[in-house]
1. Sorted by accessible area with a 1.4 angstrom probe, largest first, how do 81, 100 fall?
2. Quick one: length gained pulling residue 49 to residue 87 fully straight, 0.36 nm per residue minus the C-alpha distance?
3. Mind pulling up the Rg/Rh value for segment 141-181? Radius of gyration and Kirkwood radius, both on Cα.
4. Which of the three applies to segment 110-171, rounded, prolate or oblate, going by the alpha-carbon gyration tensor with a ≥ b ≥ c and a/c under 1.5 meaning rounded?
5. Ordering 112, 133 from largest to smallest accessible area (1.4 angstrom probe), what's the sequence?
6. Explain nothing, just compute: Karplus ³J(HN,Hα) = 6.51 cos²θ - 1.76 cosθ + 1.60, θ = phi - 60°, for every residue of segment 45-55 in order, whole Hz, x for Gly and Pro.
7. Let me test this: with uniform point scatterers at the alpha carbons of segment 34-73, what is the Debye-based log₁₀ I(q)/I(0) at q = 0.22, 0.29 1/Å?
8. What part of the accessible area of segment 27-176, given as a whole %, is carbon or sulfur when the probe is 1.4 angstrom?
Amino acid sequence: MAALTATTPARPRKLLASRRTRVGIFYALPVVVYLLVLFVYPIFSTLLLSLKNADGSFTLHWYADALTGVNLSVLFTTLRISAETAVLSLVFGFVLAQAITRLKPVMAGLAMLVVVVPHFVSALVRTYGWIIMLGDKGLVNETLTSMSVPGAPFQLLYNELGVVIGTTSMMLPYTVLLLYGVMRGWTGVCSRRRPAWVRAR
């Protein structure tokens, strides 16, 4: 036991003595410095700035203002919209990923293109597209009106519903990609574990 304890501290030194480890650290160093300078430093600087008063003294005044009045209402609205977007993205993403997983490889690739390619279109173009589709005279309302849906046309823009639709469309490709990768891997594992006579059916 004593011998094991005595040799344990020597392992990190032996690891660092390896040329391969030193080369890896050398290659990783620029990335670490880049992250520290452009991400970590600005975040900590902003955090320290939020704890300073106008005269430079320590204060929690800004946080107190952020959690009272209109600011608190805006915060709760933001959290509610974020939760709604997350739930809708998860539900629709799961359904789409599950459907794509059941397709043949060629059709699955085409379906993934349909899901992912709109994400590379400019956000401004997509926003105008949603305005055209969800407006009072847009495609959605015109379709609902022609189907004699009670209450049509609906107000689908410039409200929380429109924001949720837009943010869900932004987040949906990420959800589908993540769930599709997991489902595809899990399907492969399950197919290998099945008996040969089941796979042959």
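1. Values: 81 30, 100 10 Å².
The most accessible residue leads, giving 81, 100.
2. Values: separation 38, 0.36 × 38 = 13.68 nm, distance 3.45 nm.
Extending this stretch completely gives an extra 10.2 nm.
3. Working: Rg = 14.5 Å, Rh = 12.2 Å.
Computed over Cα atoms, the ratio is 1.19.
4. Working: a/c = 2.37, a/b = 1.73, b/c = 1.37.
Prolate, because a/c is 1.5 or more and a/b exceeds b/c.
5. Numbers: 112 25, 133 75 Å².
Ranked from most to least accessible, the order is 133, 112.
6. Working through the residues one at a time gives 5, 5, 4, 5, 5, 6, 9, 10, 7, 4, 8 Hz.
7. Cα-only, vacuum Debye calculation for segment 34-73: -0.74, -0.87.
8. 78 percent
The values are calculated or read from the model by the stated rules, or taken from the named source; none is laboratory data. Just so it is clear, the model here is predicted, and its values are computed rather than measured. Accessible surface is based on the protein model in full, side chains and every heavy atom, while ligands, DNA and RNA are left aside. Shrake-Rupley method; radii C 1.70, N 1.55, O 1.52, S 1.80 Å.
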